[in-house]
Amino acid sequence: MNLDKSIWENSDTATAYRRNQIRSAGFLIGLAVLLAVAALLSLRAGSYDTPVLELVKGVFGQASDSKINLVVRNNRLPRICTAIVAGAGLGITGCVLQAVLRNPLASSSTLGVSQGASFGAAFAIIVLQMGAAAGLGTVAIPLCAFAGSVSVALVILGLSRFRQISPEGIVLSGVAISAMFTGGTTLMQYFANEIQLNTLVFWTFGSLGNTSWGDVGRMAAVVLCSGVYFVWKRWDFNALLSGEETAVSLGINVRRLTLVNMLLCCLTASVIVSYIGLINFIGLAAPHAVRLAVGNNHVYLLPGSAIAGAALLLLGDLVARMAISPVILPIGAITSFLGGPLFLYLLFKGGKRSVDG
Amino acid sequence: MLTVENVSCRYKGGPEILNQVSFSVEDGRFLAILGNNGVGKSTLLKCINKILTPVSGDVRLDGSDLFRLPGRELARKIAFVAQTVPSAQMTVHDIVMLGRRPYMRWGFTEEDHRIVHEAMDRLGVSHLRGRFLSRLSGGERQKVMLARALAQQPRILLLDEPTSSLDIQNQYQVLRIVQNICRADGITAVVVIHDLNLALRFCDQFLLLRQGMVYRCGGKEILDRQALKDVYKVDASVVDVEGHSMVIVDADEPDGMDAGL
């Protein structure tokens, strides 16, 4: 993926720049193809073995067997769309957080959004006694998880607004707040009964299989709106790479840019986490993987992170479903388990380049 | 004409760095801000550009108050080249393109691309446009940052110690380029610089700061033995060498060294 090493050295640089653009665009197209292949594999994966063509027909409700239509449209397709939307959201928010906080380790997880969501879910399950099985639980748990993660975002926002802390301070605040919420969750778990503990643990595993078309639509609306805003600000993120003073001199209100984007990232991640549970590493690994190929230009990095995030989550889900089929492994554990080594690989392959911007 | 009037600045909770600083520069002039370390040279530069907000004072361009302008408008009038040149993993073309950000709406126009190419050509970095900034030498990076500033099409160019990390060849090249830009485009350049001989060689106006206040402001003639003694605490003379003014320090060590300061 280290595409930039050789192309400039002995070539006409006027065309080399154009070639760089083509390569970056080509990389994005390649990622999109990978995503499409992963989606097709995911469509095929499952106990109901069917030819791909029939499955594709089933997407449009045109399969010869009505059972196929039902399985595809009610079961597999929502799962795939959930993975694509959630992965894209986590990937792009990770990329934006790394840009505005000028920290390669920033992601919604490192800011404590996931821990806030866990706290909220634990509160719903243990304190409000709304198990996932109960009708109210299916609404209350995501709502409380959302409230928990948003409260983390608001605490960080308040600290940075009123105490004027630096981007490094924001990341450290996230670490402290994460620890606080993790402690709170553990305390609630201590007083929980066995059923409540099971429900909470199952929620924290993360799952792409519990979302309805309505949930996917709501997630997609949030991811799309925030995504359009992030893409609009792509050159502001590029300017931040030149240093804060240079960004200010280019007419950018750096403080506002940081706070607005941070809040938007936290909100987007909160919505995603509240629907699918804890999914780590996508927001961290996807931008770094794309950065190795296209550099730090957010014109390519933002869409690349979204596509890579979607592809990673979809492939993670495929592994979770196929590894010891028919048992479906928890997706949160799979992304962390596979994401860790992937991140280490990217780190050592890219060396300093991958992290210092 | 750039006019700075009674600008005072302090960092939050700290002592006053600048105290009632006033001066003015004509269009097309190259002004050097001089003074010893910590006197507030860079602070003054950043106050002109509203990177730092002064506690009092005005900065005017042809009589209009620059501090009243929104950031984007201000960036169309003043370009700033920071002391630290970034090592971003972005191509030279993309870095210079940043100079068009104050004019950008959703995307860049053909006109933006034309101006960027022109700026790269003038700075002689067109052949580097596809290279990542992180792979360039210090001199090349500084030229790229100048091209970015030029792409802003500013009236005023602010440079914070642009030669501090450059070798002698690049020091002369960079300052020569700035001097040419001032003369050709009528842009006013304000540079913070420590090397008095470089300043004397390329700048045509000088602002001497002492203890956060203006000590003297004017042409080469303000840099005399007394000024160097008062501002830098060194015994030195300004002599003429082959038509160029140069500062020659009399003693090997400045006052205070013997006392272990």
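What the table below lists for this structure:
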quantity	calculated
Residue satisfying condition, being without any contact (Cβ under 8 Å) to a residue 40 or more places away in the chain, crowded, with 19+ Cβ neighbours inside 10 Å and either out of contact with any strand residue (DSSP E or B) (no Cβ under 7 Å at 6 or more places or on another chain) or among the polar types (S, T, N, Q) (or both), within set B:226, B:171	B:171
Any hit, the stretch B:2-22, residues being within 18 Å of residue B:178 (Cα to Cα), of a type outside the set (Gly, Ala, Ser) and touching a Cys at 6+ places or on another chain (Cβ under 6 Å)	no
Count of residues meeting criterion [of a type outside the set (S, T, N, Q) and assigned to a helix (DSSP H, G or I)] in the stretch A:91-106	8
Subset tally (residues that are in contact with a helix residue (DSSP H, G or I) (Cβ under 9 Å, 6 or more places away or on another chain) and either outside any helix (DSSP H, G or I) or surrounded by 18 or more Cβ atoms within 10 Å (Cβ to Cβ) (or both)) for the stretch A:328-341	8
Residue A:123 vs. criteria surrounded by fewer than 23 Cβ atoms within 10 Å (Cβ to Cβ), within 19 Å of the chain's Cα centre (by Cα) and either not in a helix (DSSP H, G or I) or not polar (S, T, N, Q) (or both)	no
Only listed residue being crowded, with 16+ Cβ neighbours inside 10 Å and either more than 14 Å from chain B (Cβ to nearest Cβ) or touching a residue at least 40 places away in the same chain (Cβ under 8 Å) (or both), chosen from A:212, A:173, A:249, A:242	A:173
Options A:269, A:293: the member that is hydrophobic (A, V, I, L, M, F, W, C) and under 16 Å from residue A:84 (Cα atoms)	A:269
Considering residues of the stretch B:49-58 that are surrounded by 15 or more Cβ atoms within 10 Å (Cβ to Cβ) and away from chain A (no Cβ under 14 Å) only, the residue farthest from residue B:3 (Cα to Cα)	B:54
Tally, over the stretch A:45-68, of residues that are part of a helix (DSSP H, G or I) and not small (Gly, Ala, Ser)	9
Of all residues making up the stretch B:109-127, the number that are touching a His at 6+ places or on another chain (Cβ under 8 Å) and free of Cβ contacts under 8 Å to residues at least 24 places away in the same chain	1
Top-ranked residue of the stretch B:155-168 - restricted to ones that are among the acidic types (Asp, Glu) and in contact (Cβ under 8 Å) with a residue 60 or more places away in the chain, ranked as surrounded by the fewest Cβ atoms within 10 Å (Cβ to Cβ)	B:161
Of all residues making up the stretch B:1-25, the number that are of a type in the set (Gly, Ala, Ser) and either surrounded by 14 or more Cβ atoms within 10 Å (Cβ to Cβ) or in contact (Cβ under 8 Å) with a residue 12 or more places away in the chain (or both)	3
Residue check, residue B:154 in a loop (DSSP other than H, G, I, E, B) and more than 9 Å from chain A (Cβ to nearest Cβ)	yes
Some residue of the stretch A:262-280 being within 14 Å of chain B (Cβ to nearest Cβ) and either closer than 30 Å to residue A:148 by Cα or outside any helix (DSSP H, G or I) (or both)	no
Test for residue B:115: is it more than 14 Å from every other protein chain (Cβ to nearest Cβ), modelled with pLDDT of 90 or more and part of a helix (DSSP H, G or I)	yes
Number of positions in the stretch B:60-104 that are more than 21 Å from residue B:28 (Cα to Cα), more than 7 Å from chain A (Cβ to nearest Cβ) and not in a helix (DSSP H, G or I)	5
Odd one out for residue B:130 among (1) within 17 Å of residue B:165 (Cβ to Cβ); (2) in contact with a strand residue (DSSP E or B) (Cβ under 9 Å, 6 or more places away or on another chain)	(1)
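For (1) on the phi < 0 side of the Ramachandran plot; (2) in contact with a Cys (Cβ under 8 Å, 6 or more places away or on another chain); (3) surrounded by 24 or more Cβ atoms within 10 Å (Cβ to Cβ), each residue gets a yes or a no:
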{"residue": "A:255", "(1), (2), (3)": "yes, no, no"}
{"residue": "A:263", "(1), (2), (3)": "yes, no, no"}
{"residue": "A:272", "(1), (2), (3)": "yes, no, yes"}
{"residue": "A:286", "(1), (2), (3)": "yes, yes, yes"}
{"residue": "A:292", "(1), (2), (3)": "yes, no, no"}
{"residue": "A:297", "(1), (2), (3)": "yes, no, yes"}
{"residue": "A:312", "(1), (2), (3)": "yes, no, yes"}
{"residue": "A:315", "(1), (2), (3)": "yes, no, no"}
{"residue": "A:319", "(1), (2), (3)": "yes, no, no"}
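Residues checked against (1) farther than 25 Å from residue A:296 by Cα; (2) in contact with a helix residue (DSSP H, G or I) (Cβ under 6 Å, 6 or more places away or on another chain); (3) of a type outside the set (Gly, Ala, Ser):
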| site | (1), (2), (3) |
| --- | --- |
| B:131 | no, yes, yes |
| B:134 | no, no, no |
| B:159 | yes, no, yes |
| B:188 | yes, no, yes |
| B:194 | yes, no, yes |
| B:205 | yes, no, yes |
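The values are calculated or read from the model by the stated rules, or taken from the named source; none is laboratory data. Note that the coordinates shown come from a computational prediction; the quantities given were computed from them, not determined experimentally. Every residue, glycine among them, receives a Cβ derived from its backbone with ideal geometry; neighbour counts consider all protein chains shown.
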